[in-house]
1. Ignoring everything except DSSP H segments at least 4 long, calculate the 222 nm mean residue ellipticity for the chain; use -39,500 (n - 2.57) per segment, divide by total residues, nearest 500.
2. Mean separation of Cα pairs under 8 Å and 6+ residues apart, divided by the residue count of the range 285-387: what relative contact order is that in percent?
3. Just the number, please: percent antiparallel of the DSSP beta bridges in the chain, rounded to the nearest 5.
4. Can you list the HN-Hα couplings for the range 440-448, worked out from phi with the Karplus curve (6.51, -1.76, 1.60; θ = phi - 60°), rounded to whole Hz and with x for Gly and Pro?
5. Out of the total accessible area of the chain (probe 1.4 Å, heavy atoms of protein only), what percent is carbon and sulfur?
6. What's the angle, to the nearest 10 degrees (0 to 90), between helix 181-190's Cα axis and the longest principal axis of the chain?
7. List the lysines whose Cα lies under 29 Å from the Cα of K297, skipping any in the same chain that are fewer than 8 positions away.
8. Taking a virtual spin label 7 Å from the Cα of A229 along the C-beta vector, which residues in the range 263-277 bring their backbone nitrogen under 20 Å of it?
Amino acid sequence: MSDTAFILIVEDESSHGEALKEGLERAGHICRLVDCGDAAIASIRQRAPHVVITDYRLGGELNGLDVLKQSRLISPWTQGILITAHGDEKLARDAIIEGGAFDYLTKPLDLDEVRATVQRAARQAMILQENLLMREQLNRAYSFEGIIAVSSAMRSVLDRARRLANTKLTVMIYGESGTGKELIARAIHNNSNRRGKPWVPINCAGISEGILESELFGHVKGSFTNAHADRKGLFEEADSGTIFLDEIGDMPMSMQSKLLRVLENGEVVRVGSNKPIRVDVRVVAATNRDLKDAVQKKEFREDLFFRINQADINLLPLRDRREDIGPLIYHFIQQADALHGKSVKSITPECVRLLHNYRWPGNVRELQNVVNQMVVFCEGDTLDVRDLPSTPPISATTDIVPLRPRPMNVTLKELEMMAIQHALAQHHGNREKAAKQLGIGARTLYRKIKEYDIK
């Protein structure tokens, strides 16, 4: 988290205000000085500060406590510090209880104490601002069967899954391990006209041909050693419902031809029998392999490929859709709280940055596991860097995987809006810094914020 905060100083004695401003600017903060309550409220409405530090006695109708109360209404994450006369403990208590002040300072002021208090208040403001942003992103996120999507890529995936759900097409889902292939498959089943009917998943990887054939198609008594009774296969169990063939790319070649016959004829033959059994099953399959490449290498049957690839869904790895990380973190914190009986409410910006920059080879599943661990071992209500697990090694030196170029179905206006929103979020609403990062003038940025109605 950057140590630089935007501080609003409200002081009607200019010499005192200038001294505070100079002292805090030397500590690296950006400060604005106003001399009355009305000017303070106008400034907060124009640009919300991280911290408002105000004297209680001000010129005008509003006092410092009034300013703090109104600032909390305008900007809930802004922290207030009230300056009071020495010994006025009741006023200080009112500031904290009624005005929601972060802390209070008594005159005469000690500059080191002021800097330390402002630094703590600014950190709290940044934590609240970061978590409010993630909460808003989560509220605005496209959700399909509990699957969260903020990025345009993931929104397209969920929209495609929703459109395919009520069709009879066999769906092929591609994606790395941990990207949520089974969640998408189940969402397709739950939104189809087969909802309420059997949902039968099986992982085809690492199972020998004989066992896999018996699992999928069943067997009759005496067909092999230990076949003591007739047994239905998973295709029969899934009759009128959906079967999910996970990691189909690892299915033995000899089994692929038997699966193809079932898909083409809608009939299964149990091991040890010659009698076909009619089944009505929707097939959804998934793999982390490039099946076209496997076909070229003669490792996957071309005819089966075309039969199961009637419609495809491609899930990007988490490192290629980092916009989803923040909302997912907040979503997983809420889930972990409910699961483990915890009451974690927020996460520090430093911690979010480290999680955002990590390469996530295990994708969404790994992120969920990490957040679960952090919530379980967190001793307070805010996740911090110290709560990060030792495995995987997530640290400031973690390499960031560059994004792979990919087609983007967005307009130039949408790209510009996203760039402005990202820059503002990165600099905690500081428009001057955002404009500098974007390479445009501050006035141009203000105009575009107004034009695009960016909040």
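1. Details: 18 runs with 210 residues, N = 455.
So the calculated ellipticity at 222 nm is -14000 deg cm²/dmol.
2. Values: 78 pairs, mean separation 28.5, N = 103.
The value is 28 percent.
3. Working: 8 of 47 bridges.
Antiparallel: roughly 15 percent of the beta bridges in the chain.
4. Calculated HN-Hα couplings, in order: 10, x, 4, 5, 4, 5, 4, 5, 6 Hz.
5. Values: 11140 of 22780 Å².
Accessible surface attributable to carbon and sulfur in the chain totals 49 percent.
6. 80 degrees
7. The reachable lysines, counting only those whose Cα sits under 29 Å from K297, are K181, K258.
8. Within reach of a label on A229: 270-273.
The values are calculated or read from the model by the stated rules, or taken from the named source; none is laboratory data. It should be emphasised that the depicted structure is a prediction, and the values quoted were computed from it without experimental measurement. Here Cβ is always computed from backbone atoms with ideal geometry, including for glycine, and neighbour counts include all displayed protein chains. Remember, those area values only see protein heavy atoms, side chains included, never the ligands or the DNA or RNA. Shrake-Rupley method; radii C 1.70, N 1.55, O 1.52, S 1.80 Å.
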